[in-house]
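Below is one structure, written out as C-alpha cells; comments come after it.
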Amino acid sequence: MSRHSGLPVISVTTPELENEAPISPKIPVTPVSPQAEETVPMNSNDAREGDEEEAVPKPRKGLLTQLEETNALKDSIVGQGSPVQAFYQGKSILVTGVTGFIGKAVLWKCITSIGRQVDTIYVLIRNGGATRRGVATAKERLASEFYSNLIFTSLPSDLQQLAHEKIRPIPYDLSAPDLAISPIHREEMIEKVNVVIHCAAATTITERLDLAFEANTLGTVRMMDLADTFNSVDAFVYLSSTYLSSSIEDGVFQEKVYPMPTGDADVMFQRILRAGVSELSALTQEVLAQYPTTYAFTKHLTEHIILRRCDLNRLEEANGGKEQYPIAIVRAAMVGSAVEEPLRGWVHNICNSNGLLYFTGKGFPCLDASTKNEPADIVPVDHLVRLLLGSAAMLQKPGVHFSLPWVNDRQSRASSPQTTSSRRNSLSQEKFFPAILQLSAQASSAPSWQTVYSCTRSYWMRKTMINLPREEEVFPVSPSVFPSRIFSRYKLSSFANVAQSLVTGLGDTNVQASKPNKYRDMSARLAAAIAPFLRKRWSPVDDAVQLILARLSADASFRVDNLTESDWYSYYLDYNYGLHRFIDEEANIRCLGLTKSRDCALYPVTFDDKPKKLILSRQVSSDVASQDDIRKREERMISYFIAALGKRGGKGNTEAEVKEDERWMQDLEYVLEDWYHDEELQQAWARQTEAKLGKWKLNKQESIKLREKVLNSPAVLKCLEQIQQSSGVSQQRALQESQQFYDRVRDRTALPYIYFAARFLDQVFKTLFETIQVKVAEIETLKRTTRDAPIIYVPVSKSLLDSFIVWFQHIPPDITHDFIARAKWQNDDTDAPAPKFVPINIIYDKIPELSQFTDDILDQTTQTHADSLNVPLTGVSRPSEEKAARNRADAKTDGSFGRVTVRFGEAQSSDSPAVFSNLDDNTEESLMIWRATREEQRRLAVLTAPVVVAATILWGRTRGGVHLDCVIHLLQYVRQLVLMRNIEVDWEDHEDIRGLVYYSLRVLDSRRNLVVDQKHGAGNIRLRVSEHSDNIMALVYYANQLTDFVLLDSLFATLYVALPPAREISLETLEKRFGIIKALTATEVTASHVEHVTLSGLLAQYSAATLIAECAIEDSTHYTIQDQPDVVEPSFMASLVQPILDCLWVTTCSLSVLAVVPFIPQKIVPPLVQWIAAHLISGRRTPFREVLSIESSRNALVMLLKRGILREISDPARVSPTVRVALHELGVSLNDPLIEVADSNGDDSSTLQPAKVFDLCQEIDEFRYSGGLTRVEVGHIFTKCRQQINAMINSNVDKAKKQVGDVVEVPVVALVRTLRESTASNFGVNTKHVRRVSEVFNLSPSTE
C-alpha cells in the first residue's frame, strides 16, 4: 500500500498496512491486535538476514563516469556551503514508509543529495508479500519495491553502489509492543540514529477505524517511543495533512492544532483503544459524522497526541529528565507528481490527487462544479521532500519555555486573514513548539481546478483517443448540473479499457475488466471524500515554511522555487504524463510540459494571443455546406497534404493521383470561399486585434499605390516583355492579364485566406507533431531587433515544412512588418530599409519526407528519362514501397513524428538594401552575410534523443545487436559529452531515460526498421537493425547529425580503436595519424561544433578514464593503450565515422578501373561504386551498407581530386569526337568532366598504374573497423575489383567497337554501356548483374 500524506484516496488493490511505527506510548495502553491476515510474525533469521551485506560489483571507471565527474565539477558550487549537507554530516537517519509514494521519494533524495554525508540510512519495512520461498523479508521487499524501481535503476552506477552501502533495512512486526525489532538492530539504532522522518500512514479512505488508528495514531506514538530510546536525536519530523477537518471555517488556516469536533482527543483515544468489536461500529459512525474518512480523523487525533506528549516531555525535562528533542509537524493538502526529482512527472500510485487526475483523464468525473475557481492546493512531491529533509536541519531544541500551538475557539472562528507583518509579530512575541510547517501551493499562485482540468483534458486528448467534455461543460454557470451527465454524453469507450488497464497495471485480481461501473463508484467515493475539503476557502499560514525555505534558497539541492503560471501549466501536463507513464506503464511517450525558457507554437502559454486562438479554434461557417461536411473536407485536405509530403516530384502520374489532385484544388476553392464570406469571424477577429493588422492594414489609396509599385517593378516589366516576344500578344493584353493575376494574388493574400492557412497548418501540425517548441527569449529578441525592417528568414533546409513552420510561428500580429516598406526594398528604392537575415534551425525528431530522402541517397527515385545514369536501380521492385503503403493505410499519424524545435538566431544586417539581389555574385558583403548566417544556424543546432539512439543501433551491427541498457548508457554518455562541448540537448536531467529510449524507438519506426529480441524478460532486450538498405539509410540520416556534433571525438576514437593494446606510440606519431584521418573525412562532414576540441584535450580525457597511460621514453612523450574490453564508448564513437572510411575505401577499390581504362566520366563513378560495393558487401568485406550511397561516393571523389590523386582532363581534344558522341548517346553529356589518375611525370600513356590510388586504399584500411589487412591482402581485393570491372567491360566490348571503332577508349564506352543497361527499365541479358545488386539491397528483380 502506498504511504504518503495528504488526501485520503481509494486503493484499487487490496489494502495493506504498510506503517512503520515502533513501541508502546508513554501513556499506558494495551495495543489492539491487527487482523491475522495482516500480521506477519518476524522470522528468527531476519536479524541475520538484515545483517548480510549483498555483494555489489563496483563498475570500472569509463568515459561516462569521467565525463560525469568533469561536469559535476562545473556545478560544484551547489554542494559548497550547503547547510543541509553540513547538518547531516556523519549522522544516521531512520525513515518509515519507504515502500510508498513519499517514502520512496525521501529515500531517493537521501541517496542523491546527502548520501555521501550520512553514515547510515535505516528503513523500517514490514515482512510481507508472497515469494517462491514464502513470505518476503524486509530486505527482499526493499529490493523488489525500491531497488527495482525506475527511479533507482535510472541513477548512475556509483549512486546505486552508494545506496547499497548506506541503506539498511530493518524488519519489524507491528503487532508486537516492541515492534519485534531484534536486539542487535535496536542497539545499533540507539547508538547511531540522529534524525527520524516518519512518513508511514494508512491512507485508504475505506480503512476500518481500528486499523487506521493502529497505523496512524498508535504507530506514531510508538515511533516517538523508539526515538526516546536513541542516544542523540536532532530532529523528529512527522508528516501530517492540511485536510484534517472540514469543520474548520473558511479563512486563515493557522500553524496550530485545531479542536476536534468529536470532543476531547484523550477521551477519543481511550475509547478507541478499549473498544470491542461491537463498540467499533458505533464509534465509526460517530467519527464519520464529523470527518469524511477515518484517515482524516486519525491524522487530526495524532496531532493532538503529539502536543500532549510534548507537554509531558517538558515536565520531564524540567524535573531533570531527558531533554526534549526537536519535533516538526509538516502539513500538505495534497501531494502530486514530481517537478523534476526523482523523475519528471513521477508518481507511484493513484492515491490522493493522483486518483483525481487519473480518473478524470480516463473519463470518470471526480471534480465538483462548485470548485471551478478554487485553487488546486497540490504540492509537488519533490518540494515536500526537500522541506521534510531541509526542515530537520533547521530545527532547534525547545527547552522548557514554550507554548503549545493550540487554537482556541475564538481563533478557530476567525475568518479574516491577518497580514504577514501581524502574524510575524505574533510569532516573535510567543515561542511555539512543536513547529507546524504548512506547505501550500497557494504560496505559488496555484491554478484553479478549472485550469487543472483544462491541462488534464489537453494531455489525454492529445495522447489518447479519449474525448473529454469541454471546461464550460464540466464547470457550468449553473453548478446544479452534475458533470457525470455531461461525461455520459461523450462516447467514452475507454471505460472498459480503463478497467482492464487498472487490473493489469495495479494487480487487483479481484476486479473484473467487465465491471467499469465499479471504477465509476470508486471515482464517486473519491470525489465524495475530497469535495468537503476542495470547497473550503482556506488561506494556510506558511510563515514558518517561508523562513525555512529562505534559508534553503542558497542550496540548489534543497531550494524550492515558486512556480509561475506557465510553470503550473507545464507541471500539470507532466503530472498527467506521469500517470500515463508510470501507472498505465505506457513506455514510449515523452513529457508534454515545457521548460521555463520555452513555449509551444501549437499550445502556447507565454504568447497567449487571443486573436490567434480565435482563428485556430473556431470552425468556419458555410452557406452551402453543413458543419459535418466542412469537417470531412478539412480531414480530407489534411490527409492529402501529409501524403503529398512524400511526393516531391510534383503532381501524381496515375489516374487516381490525378483525381486526388483535382479534388484537392476543388476543396481549396470551396474552403477559401467559405473563409472569405465568414463575416462573423472577421468582425470578431478585428475586435480582438483592435485593428492592429500589420501589413494587411491598407486603405484604398495605399492599395492602389502598392499595385502600381508591383506592376511597374523592373522584374514584372521584364516578364511582360518576354511574354510578348514569346507568345506574340499585345502589350495591352499582357498588361490586363498581369493586372488580373495581381488581383487574384491580392485576394489570396487577404486576411480571410490568412485565417484559413493558419487553421489548416495548425491542424496539420497537430496531426504530425506533439509539440513545436520555441525559445521565448529568441522570439522576444527577434521582435525587438527586426522591428519595421524587411526580414528574410533563412532556415536550414531539412523539410518542405520549414517555411510553413516559420510562417505559422509568426502569424500576425505576433510580428508585423510594413508591407509598403518591403515593396520599396524589393524595387530598390533608395529610401527603403535594409533587409535583415534571420538564421533559423528547425530540428525534427522525425522528418515526414524521410523515405524520400533515403531514396535520394540510394538514388532509387524513378526518373523521367531512361537515359539518365543517376538511377542505378530503376525497375527493381522495392518491398519497402509496399510496406510504406501498408503502414500509411493502418497507422494513426497523430503526433507520430514527435517533437519539433525551432531556433531563431541573431538577425544579420546589411548596409545595402540591394544585397539580397547580389547574394549569388560572391561579393564581399554577401559572403560575409552568408558565413555569419551559416555559423548562426550551426550554433542553433540541438541534439535530439532519436539521433543518438539511431547511432547506437547502427553501432550494434558489428556486435550482433545492442542491449537496451547499453543504449541507455551511451545516451547518457553522449549527453554528458555534448554538454561539455556547450551544445544543447532536447531532454532534461530528470527525464525518464528509459522512456526516452522507448520514445525514440517509436519515432524511428522500430516495427519496420528494427528487430527486437526479448528472450529473457524486459531486462534482456537486444535491438538489431533490419537489414534493408532503405531502413539503414533512414537510421544513417539521424546518426550523421550526431557525427557533426562530435566529429573530432569520433576521429580520435577511431584512432584509439585501430591502435594495438599494450604498445607504446609516440605523441608525434599520434599527431600525424590524427592529421591523416582528419584529412580523409574533411569533405564528408564539417567540424563547426568542435573547433575548440584539441588532441591534447582528447588525450587528457582518455587518460582520466584510464583508457590510455602516458609514459616517457627517451625524453619524449609516449602513450600506451590500456586493454579495457568492457568500455564501449570508444567503439561507439568510432562507429560514427567508420562508414565514411569504408565509403572512401570502396571508392578507391572501384577506381582500380583506371588501371584498365585511360579515363572515366565522373558521372559514372557513383553507379560504378555501387556495383563494386554490392560485391564487397556480399563478400563480407564491409559491414556498412552506407557504401551504397551515391552521395558518399561523390564526396570521396571530391576528396581524391583535392588531394591530387585524380584530376580532370583539361584538354577535351584528347578524346576523339566519335567517343564523345557515343558517350553522349549513353547519357554522358559533352559537358560532363572526365577524370584520370594524376601523373606528376606527365606520362600520357593509356596503361597508367594507379599506384597512388592503391596506396590511399592501404592507408584507409589501417583505420577501418574490419581493417588491419596486409598490403598483399588489400592488393588482392584491389585486383578482384579490377577483375569484376574487366568482366563488365568484356560483356559489351564488341558493341563498343562497332560503335566507335578499335580505339583506345573502347573500354570506357563498354563500361558506360554496361552501367546504362543495368540501370534501364529493360535489363535484357544483364539481369543476373541486377539480381546480384538487388540481393545486397535486399530487393528482388522486376517481374515485368
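The values are calculated or read from the model by the stated rules, or taken from the named source; none is laboratory data. These numbers come from a predicted model, not from an experiment. Using ideal geometry, Cβ is built from the backbone for each residue, glycine included, and neighbour counts are taken over all protein chains shown. We work out accessible area using only protein heavy atoms, side chains counted, and drop any ligands, DNA or RNA first. Shrake-Rupley method; radii C 1.70, N 1.55, O 1.52, S 1.80 Å.
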request  = Report, by residue number, each residue of the stretch 266-302 that is among the hydroxyl-bearing types (Ser, Thr, Tyr) and within 52 Å of the chain's Cα centre (by Cα).
outcome  = Thr284, Tyr291, Thr293, Thr294, Tyr295, Thr298, Thr302
Within the stretch 1020-1034, tally of residues that are among the aliphatic types (A, V, I, L, M) and assigned to a helix (DSSP H, G or I) = 3
note = Selection from the stretch 279-294 of residues in contact with a Phe, Trp or Tyr (Cβ under 9 Å, 6 or more places away or on another chain) and either without any contact (Cβ under 8 Å) to a residue 40 or more places away in the chain or closer than 9 Å to Leu209 by Cα (or both) yields Val287, Leu288, Thr294
note = Scanning the stretch 537-564 for residues that are under 21 Å from Trp449 (Cβ atoms) and touching a helix residue (DSSP H, G or I) at 6+ places or on another chain (Cβ under 9 Å) gives Trp538, Ser539, Pro540, Asp542, Asn562, Leu563, Thr564
ask   = When you scan the stretch 339-351, how many residues do you find that are over 29 Å from Ile306 (Cα atoms) and touching a strand residue (DSSP E or B) at 6+ places or on another chain (Cβ under 6 Å)?
value = 1
ask   = Taking the stretch 405-431, which residues are at pLDDT 80 or above and either crowded, with 18+ Cβ neighbours inside 10 Å or touching a helix residue (DSSP H, G or I) at 6+ places or on another chain (Cβ under 9 Å) (or both)?
value = Pro405, Trp406
ask   = Checking Lys766 against (1) at pLDDT below 80; (2) open to solvent by 50 Å² or more (accessible area, probe 1.4 Å), which test does it fail?
value = (1)
key: Of all residues making up the stretch 1277-1300, the number that are polar (S, T, N, Q), in a helix (DSSP H, G or I), at pLDDT below 85 and more than 55 Å from the chain's Cα centre (by Cα)   = 1
request  = Select from the stretch 1189-1204 the residues that are of a type in the set (A, V, I, L, M, F, W, C) and at pLDDT 80 or above and write down the one among them that is farthest from the chain's Cα centre (by Cα).
outcome  = Leu1201
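Here is a yes/no grid of residues against (1) part of a helix (DSSP H, G or I); (2) on the phi > 0 side of the Ramachandran plot; (3) buried (at least 21 other Cβ atoms within 10 Å of the Cβ); (4) modelled with pLDDT under 85:
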{"site": "Asn510", "(1), (2), (3), (4)": "no, no, no, yes"}
{"site": "Ser523", "(1), (2), (3), (4)": "yes, no, yes, yes"}
{"site": "Ala527", "(1), (2), (3), (4)": "yes, no, yes, yes"}
{"site": "Ile530", "(1), (2), (3), (4)": "yes, no, yes, yes"}
{"site": "Leu547", "(1), (2), (3), (4)": "yes, no, no, no"}
inquiry  = When you check Pro795 against the structure, is it in contact with a strand residue (DSSP E or B) (Cβ under 9 Å, 6 or more places away or on another chain) and within 26 Å of Ala644 (Cβ to Cβ), yes or no?
reply    = yes
task = State all residues of the stretch 443-469 that are in contact (Cβ under 8 Å) with a residue 12 or more places away in the chain and surrounded by fewer than 17 Cβ atoms within 10 Å (Cβ to Cβ); if no residue qualifies, say none.
result = Ser445, Ser448, Met465, Asn467
request  = Determine if the stretch 271-278 includes at least one residue that is part of a helix (DSSP H, G or I), free of Cβ contacts under 8 Å to residues at least 12 places away in the same chain, surrounded by 21 or more Cβ atoms within 10 Å (Cβ to Cβ) and not hydrophobic (A, V, I, L, M, F, W, C).
outcome  = no
ask   = In this structure, is Leu211 within 18 Å of Ala435 (Cα to Cα) and either open to solvent by less than 10 Å² (accessible area, probe 1.4 Å) or not in a loop (DSSP other than H, G, I, E, B) (or both)?
value = no
query = Going by the structure shown, is Thr1106 part of a loop (DSSP other than H, G, I, E, B) and open to solvent by less than 20 Å² (accessible area, probe 1.4 Å)?
reply = no
ask   = Any idea how many residues of the stretch 1255-1276 are assigned to a helix (DSSP H, G or I), buried (at least 20 other Cβ atoms within 10 Å of the Cβ) and modelled with pLDDT of 80 or more?
value = 4
request  = Considering each of Ser553, Ser557 in turn, give the residue that is without any contact (Cβ under 8 Å) to a residue 40 or more places away in the chain and either on the phi < 0 side of the Ramachandran plot or of a type in the set (Phe, Trp, Tyr) (or both).
outcome  = Ser553
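Here's the yes/no breakdown for (1) part of a helix (DSSP H, G or I); (2) at pLDDT below 65; (3) in contact with a strand residue (DSSP E or B) (Cβ under 7 Å, 6 or more places away or on another chain):
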position: Glu69; (1), (2), (3): yes, yes, no
position: Leu73; (1), (2), (3): yes, yes, no
position: Ile77; (1), (2), (3): yes, yes, no
position: Gln80; (1), (2), (3): no, yes, no
position: Ala86; (1), (2), (3): yes, no, no
position: Val95; (1), (2), (3): no, no, yes
position: Lys104; (1), (2), (3): yes, no, no
position: Ile111; (1), (2), (3): yes, no, no
position: Gln117; (1), (2), (3): no, no, no
task = Hey, can you tell me all the residues within the stretch 1190-1225 that are within 21 Å of Val1137 (Cβ to Cβ), among the basic types (Lys, Arg) and in a helix (DSSP H, G or I)?
result = Arg1194, Lys1202
task = Would you mind finding the one in Leu124, Leu150, Leu94 that is touching a Leu at 6+ places or on another chain (Cβ under 8 Å), more than 30 Å from Glu585 (Cα to Cα) and open to solvent by less than 50 Å² (accessible area, probe 1.4 Å)?
result = Leu94
request  = Sort out which residues of the stretch 166-194 are surrounded by 15 or more Cβ atoms within 10 Å (Cβ to Cβ) and part of a helix (DSSP H, G or I), and write them in order of number.
outcome  = Lys166, His185, Arg186, Glu188, Met189, Lys192
ask   = Which ones in the stretch 214-234 are assigned to a helix (DSSP H, G or I), more than 22 Å from Ala265 (Cα to Cα) and either β-branched (Val, Ile, Thr) or open to solvent by 10 Å² or more (accessible area, probe 1.4 Å) (or both)?
value = Asp228, Thr229
message = Please pick out the residue among Gln666, Gln683 that is part of a helix (DSSP H, G or I) and either modelled with pLDDT of 80 or more or surrounded by 16 or more Cβ atoms within 10 Å (Cβ to Cβ) (or both).
response = Gln666
ask   = Scanning for something within 24 Å of Val257 (Cβ to Cβ) and either of a type in the set (Val, Ile, Thr) or in a strand (DSSP E or B) (or both), does the stretch 388-397 turn up at least one residue?
value = no
key: Every pair of residues 6+ apart whose Cβ atoms lie under 6 Å, when the first sits in the stretch 1048-1072 and is in a strand (DSSP E or B) while the second is surrounded by 13 or more Cβ atoms within 10 Å (Cβ to Cβ)   = Glu1064/His1118; Glu1064/Thr1120; Ile1065/Tyr1119; Ser1066/His1118
inquiry  = Going by what's in this entry, would Asp1005 be described as under 23 Å from Val900 (Cα atoms), in contact with an Asp or Glu (Cβ under 8 Å, 6 or more places away or on another chain) and not hydrophobic (A, V, I, L, M, F, W, C)?
reply    = no
inquiry  = As an exercise: evaluate Gly345 against (1) open to solvent by 10 Å² or more (accessible area, probe 1.4 Å); (2) in a loop (DSSP other than H, G, I, E, B) and give the number of the one condition it does not meet.
reply    = (1)
query = Which condition number does Glu187 fail, the rest of (1) at pLDDT 90 or above; (2) in contact with a helix residue (DSSP H, G or I) (Cβ under 9 Å, 6 or more places away or on another chain) being met?
reply = (2)
